[in-house]
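The values are calculated or read from the model by the stated rules, or taken from the named source; none is laboratory data. Since the model is a prediction, treat every value here as computed from it, not as a measurement. Glycine also receives a Cβ, built like all others from the backbone with ideal geometry; neighbour counts cover every protein chain displayed.
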Amino acid sequence: MRRILRGLVALGCVAYPLVALWAGRHGQPRFADLALAEHLGSMLVLGVVFGNTLRPGRTPLVTRFAAARQPAMSPRLRCYTRGVTAAWTLFFAAMAAASVLLFVLGPLRDWAWFASVGTPLLVAAMFVLEYLARRAWLDAHEQAGPFEAIRAYMAYRMGAGR
């Protein structure tokens, strides 16, 4: 059943942009719809990737990254990294919802600004907020600075994360 659902989602990801491109008024491509599909698809895929790791029996994604740096993690750090994974999941869901609402209800220029400028700024703000939360809630030996976090992610990608 999961394979069928994944196949349908993949088909939708391919079919929607093609239909949007060719089904515009008077045969004109609807490039705005393609841009929405790209932005919305990115946010949804990231949200699903993070969210799926929160299911029972799975290791949250941020916990996996942290384990690459610090294999023996305290329960407090595990709880924190699970919360960060949940926060990113909610963030991506909110970004997807905001994208659709702005696209449907507002002028195209507002949505375009949100998608091209606002989204990167909000992602950067999430990283800054998470860094500040980490400094406030975790002991010094459990914290990773920005470069250590990047190294931990790279170690995860090169090692057990494959």
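Checking residue 66 against (1) at pLDDT below 90; (2) not in a helix (DSSP H, G or I): exactly one of these is not met. Which one?
Evaluating residue 66 over (1) at pLDDT below 90; (2) not in a helix (DSSP H, G or I) leaves (2) as the failure.
Looking for something modelled with pLDDT under 85, more than 20 Å from residue 42 (Cβ to Cβ) and of a type in the set (A, V, I, L, M) - is there at least one such residue anywhere in the range 134-143?
Scanning the range 134-143, I find at least one residue that is modelled with pLDDT under 85, more than 20 Å from residue 42 (Cβ to Cβ) and of a type in the set (A, V, I, L, M), so the answer is yes.
I'd like to know if the range 12-29 contains one or more residues that are buried (at least 17 other Cβ atoms within 10 Å of the Cβ) and either modelled with pLDDT under 90 or in contact with a Lys or Arg (Cβ under 8 Å, 6 or more places away or on another chain) (or both).
The answer is yes; a qualifying residue exists.
What residue, among those in the range 54-72 that are farther than 15 Å from residue 85 by Cβ and touching a residue at least 24 places away in the same chain (Cβ under 8 Å), is farthest from the chain's Cα centre (by Cα)?
In this case the residue turns out to be 70.
Taking the range 69-108, which residues are polar (S, T, N, Q) and either touching a strand residue (DSSP E or B) at 6+ places or on another chain (Cβ under 8 Å) or modelled with pLDDT of 90 or more (or both)?
Hits for the range 69-108 are 81, 85, 89, 99.
Mind checking which residues of the range 69-95 are within 26 Å of residue 120 (Cα to Cα) and either surrounded by 18 or more Cβ atoms within 10 Å (Cβ to Cβ) or in contact with a Cys (Cβ under 7 Å, 6 or more places away or on another chain) (or both)?
80, 81, 84, 85, 88, 89, 91, 92, 95
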